[in-house]
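Below is one structure, written out as structure tokens, with a few remarks after it.
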Amino acid sequence: MRTLARWTFKLVVVALFIAVLALTGLRLAAAWRESAESGAPPDGRMVSTTAGDIFVQMRGPDAGRAVLFIPGTAAWSGFWLSVADEIGKSGYRAVAVDLPPFGFSARSANGAYSRADQAERLAALVQALGLERPIVVGHSFGAGAVVELAIAHPDTLGGMVLVDAALGLPGEGQDTPPDNRPLRWALNQPAIAQTLVAATLVNIWATRPLLASLLYREDAATQRQVEILTKPYARQGTTESYAHWLPSLLLAETDARSATPANYARIKTPTALIWGDRDQVTPLAQGQRLQKLIAGSTLDTIADVGHIPHIEDEQTFLSVLKAKLKAMAR
């Protein structure tokens with residue numbers, strides 16, 4: 001038994017040593033990769049706003065009704081561009097937006113990435129571009145900033161479309177969860193947070209499996225989609241800035257207006273919900289509850305798709321989205 005215990009201890013030590021080496025290697029690989037000053041697509045533009053410079057890619061006529069596209073976690077304007085192209089061809093002014101720290105927008109020096117911060121960035125962008133009551137499409141985690149904007153600045157939007165929204169609302173009849181102090185402490189340690197980011201969000205070898213895990217149609221996690229998602233990873237300071245953002249993902253934002261279900265009764269913005277019926281990240285039940293919370297909202301489901309309908313079944317998604325945009329534009 002003593003021999004077995006000694007060998008077990010040795011195996012655990014070796015396993016931990018290998019894990020530390022692997023994590024260190026991933027962090028060093030990220031640091032080596034992050035050498036580009038920008039690398040932003042040349043047909044996009046940087047918009048100077050009161051909340052910092054925001055990178056956008058625009059499609060469609062200047063005079064068209066503006067439709068803003070807000071990506072989810074670790075995604076950027078390039079991940080919406082195929083849809084924005086088609087919406088632009090339909091006569092809208094499609095604006096795919098990079099919300100920092102993702103993509104190529106200016107990043108916050110002090111990690112100001114809360115929903116309220118992102119909502120103010122969107123409000124500043126709308127003002128800087130001179131847009132009149134645009135319709136905003138927010139996917140997954142990006143929907144939080146859109147809802148926050150609708151509550152904080154109700155006169156800014158002409159409509160919002162929430163796609164498989166990840167809003168982290170407490171369950172019906174439940175209170176907001178208490179602050180997780182040990183996790184908050186850990187995420188405030190740069191070495192821990194940056195190592196976690198290097199092993200997951202900016203790990204180019206993990207991008208395809210992570211993307212596929214969000215989908216029902218896993219074959220939609222193509223090499224092309226992986227290349228789009230990983231393009232900004234080479235930008236300087238990516239791992240560090242993502243680590244600053246990480247608490248916004250992993251900790252409940254109890255002070256956000258959009259974190260309190262009762263505040264949804266205040267929303268007067270015309271709202272459409274689009275959901276994949278096979279979504280396991282934000283299950284359809286969350287969309288059904290959201291429809292009840294937002295008066296007058298509609299809920300459309302797309303069959304046999306998961307958390308990212310616009311890449312799993314782009315044509316069906318476009319058909320639903322165009323119908324919603326047409327109704328809102330009227």
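Values computed for the structure shown
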| item | result |
| --- | --- |
| Count of the range 108-139 residues which are within 23 Å of Met58 (Cβ to Cβ) and either touching a His at 6+ places or on another chain (Cβ under 9 Å) or in contact (Cβ under 8 Å) with a residue 12 or more places away in the chain (or both) | 21 |
| Test set (1) surrounded by 19 or more Cβ atoms within 10 Å (Cβ to Cβ); (2) farther than 19 Å from Gln315 by Cα - Ala220 fails condition number | (2) |
| Neighbours by Cβ (under 6 Å, 6+ apart or cross-chain): first from the range 292-313, assigned to a strand (DSSP E or B); second aliphatic (A, V, I, L, M) and at pLDDT 95 or above | Thr298/Ala272; Leu299/Leu273; Asp300/Ile274; Asp300/Val320 |
| Residue within the range 144-158 that is at pLDDT 95 or above, farther than 23 Å from Thr254 by Cβ and surrounded by fewer than 19 Cβ atoms within 10 Å (Cβ to Cβ) present | yes |
| Check on Glu240, assigned to a loop (DSSP other than H, G, I, E, B) and over 25 Å from Asp304 (Cα atoms) | no |
| Selection within the range 158-200 - of a type in the set (Gly, Ala, Ser), part of a loop (DSSP other than H, G, I, E, B) and under 22 Å from the mean Cα position of the chain (by Cα) | Gly158, Ala165, Ala166, Gly168, Gly171 |
| Qualifying position, being surrounded by fewer than 20 Cβ atoms within 10 Å (Cβ to Cβ) and under 21 Å from Ser114 (Cα atoms), among Ala186, Ala243 | Ala186 |
| Only one of Pro247, Pro177, Pro154, Pro232 that is under 30 Å from Lys324 (Cα atoms), in contact (Cβ under 8 Å) with a residue 60 or more places away in the chain and of a type outside the set (D, E, K, R) | Pro154 |
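The values are calculated or read from the model by the stated rules, or taken from the named source; none is laboratory data. Being a predicted model, the structure only gives us computed values, none of them experimental. Methodologically, a virtual Cβ is constructed for each residue, glycine included, from the backbone with ideal geometry; neighbour enumeration extends over all protein chains shown.
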